[in-house]
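A.B. asks: Take a look at this one; I'll ask things after.
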Amino acid sequence: MVGENNFYLSGVPEDVKNLPESLESKQLKWSKTDVTNFEKVIPTFDKSRVCLLDPAASEELSPEDSENFDFFLFGGILGDHPPRDRTGELRKHGFPGRHLGKIQMTTDTAVRVTQKVLADQQRIEDIDFIDFPELKFSKNESTEMPFRYVRDSQTGEPIMPEGMFDLIKEDSNKSLDDLIL
Ligand SMILES: C[S@@+](CC[C@H](N)C(=O)[O-])C[C@H]1O[C@@H](n2cnc3c(N)ncnc32)[C@H](O)[C@@H]1O
């Protein structure tokens, strides 16, 4: 979505030797260094020009912010429902923050929306979202996702990473089995 040269993974756990093949082959830049010390990895990493995408920030991300920041920081954490404000772990290090609306998005959706605002200069209120979509697996089975997604203008469906629908389906089958056993 953002191009492999524009993407960094920070704080990769110490015991990780290699990234999964699908990421390794893209030659992504990654480091075990915590993002709070990232100037050791990228000398131009100036905290005052790093924007933390934070649902609890007081200011909304706007197209003008493309001038204000060089890096955009996303918490690589799973979304609890209800959210437990784990983005606060990054907020306390003093990165300036922006929100994308108050509803929690999946991390890939947050990246997608940030790119629409900055690269396509779209305002958040002009983006077509789907909140808490119901994913139907069969005539009788469905699950509600407690997040906000961008709507695919062609299909009308929420945009999700490849394979995500099948993973969620698999997961929902597992929990059903657990209930029966
Ligand atoms: C799936 S969210 C997890 C949020 C986590 N459960 C919490 O309570 O902080 C992962 C990341 O996506 C970004 N994000 C998700 N929704 C957002 C929103 N509405 N505004 C700004 N950033 C958002 C944040 O960087 C967040 O750390």
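A.B. asks: Hey, D131 hits all of (1) within 8 Å of the ligand (Cβ to nearest atom); (2) at pLDDT 95 or above but one; which does it fall short on?
C.D. replies: Every condition holds for D131 apart from (1).
A.B. asks: Shifting gears a bit: Can you find a residue in the range 94-113 that is more than 15 Å from the chain's Cα centre (by Cα), surrounded by 13 or more Cβ atoms within 10 Å (Cβ to Cβ) and more than 9 Å from the ligand (Cβ to nearest atom)?
C.D. replies: Of the range 94-113, the ones more than 15 Å from the chain's Cα centre (by Cα) are 94-96.
When the remaining residues are screened for being surrounded by 13 or more Cβ atoms within 10 Å (Cβ to Cβ), the result is 95-96.
Those left that are additionally more than 9 Å from the ligand (Cβ to nearest atom): 95-96.
Looking for residues that are more than 15 Å from the chain's Cα centre (by Cα), surrounded by 13 or more Cβ atoms within 10 Å (Cβ to Cβ) and more than 9 Å from the ligand (Cβ to nearest atom), one finds at least one in the range 94-113, hence yes.
A.B. asks: Looking only at residues in the range 58-80 that are within 8 Å of the ligand (Cβ to nearest atom) and in contact (Cβ under 8 Å) with a residue 24 or more places away in the chain, which one is most open to solvent (accessible area, probe 1.4 Å)?
C.D. replies: G76
A.B. asks: Output the number of residues of the range 1-32 satisfying the condition of being in a loop (DSSP other than H, G, I, E, B) and of a type outside the set (G, A, S). Step through it out loud before you land on a result.
C.D. replies: Quick first cut of the range 1-32, residues in a loop (DSSP other than H, G, I, E, B) only: 1-3, 7, 10-20, 25-28, 31-32.
Now narrow it down to the ones that are of a type outside the set (G, A, S): 1-2, 7, 12-20, 26-28, 32.
The total comes to 16.
A.B. asks: Okay, next question. Closer than 16 Å to G76 by Cβ, assigned to a loop (DSSP other than H, G, I, E, B) and within 20 Å of the chain's Cα centre (by Cα) - does that describe any residue in the range 37-53?
C.D. replies: No, the range 37-53 contains no residue that is closer than 16 Å to G76 by Cβ, assigned to a loop (DSSP other than H, G, I, E, B) and within 20 Å of the chain's Cα centre (by Cα).
A.B. asks: Another question about this same structure. For the range 85-92, check the following and say yes or no: at least one residue is within 11 Å of the ligand (Cβ to nearest atom), at pLDDT 90 or above and among the β-branched types (V, I, T).
C.D. replies: Yes, the conditions are met somewhere in the range 85-92.
A.B. asks: If you don't mind, another one. Does the range 98-110 include one or more residues that are in contact (Cβ under 8 Å) with a residue 60 or more places away in the chain, polar (S, T, N, Q) and closer than 30 Å to S48 by Cα?
C.D. replies: Among the residues of the range 98-110, not one is in contact (Cβ under 8 Å) with a residue 60 or more places away in the chain, polar (S, T, N, Q) and closer than 30 Å to S48 by Cα, which makes the answer no.
A.B. asks: Continuing with the same structure: State which residue pairs qualify: first residue without any contact (Cβ under 8 Å) to a residue 60 or more places away in the chain and inside the range 127-149, second residue in a strand (DSSP E or B) and among the β-branched types (V, I, T) in any location, beta carbons under 6 Å apart, and separation of 6 or more residues or different chains.
C.D. replies: Short answer, once both residue conditions are applied: L135/T143; Y149/I130.
A.B. asks: To continue, here is another question. Mind checking which residues of the range 34-57 are within 13 Å of the ligand (Cβ to nearest atom) and among the β-branched types (V, I, T)?
C.D. replies: To start, the set of residues in the range 34-57 that are within 13 Å of the ligand (Cβ to nearest atom) comprises 35, 50-57.
Correct list: V35, V50.
A.B. asks: Can I ask one more? Given the criteria more than 24 Å from D65 (Cβ to Cβ) and within 17 Å of the chain's Cα centre (by Cα), does F132 qualify?
C.D. replies: Judged against the criteria, F132 is a match.
A.B. asks: Now for a separate question. Within the range 157-175, count every residue that is surrounded by fewer than 10 Cβ atoms within 10 Å (Cβ to Cβ) and in contact (Cβ under 8 Å) with a residue 24 or more places away in the chain.
C.D. replies: 0
The values are calculated or read from the model by the stated rules, or taken from the named source; none is laboratory data. Note that the structure is a prediction, hence the values are computed from the model and not measured. Backbone-built Cβ (ideal geometry, glycine too); neighbour counts: all protein chains shown. Accessible surface is based on the protein model in full, side chains and every heavy atom, while ligands, DNA and RNA are left aside. Shrake-Rupley method; radii C 1.70, N 1.55, O 1.52, S 1.80 Å.
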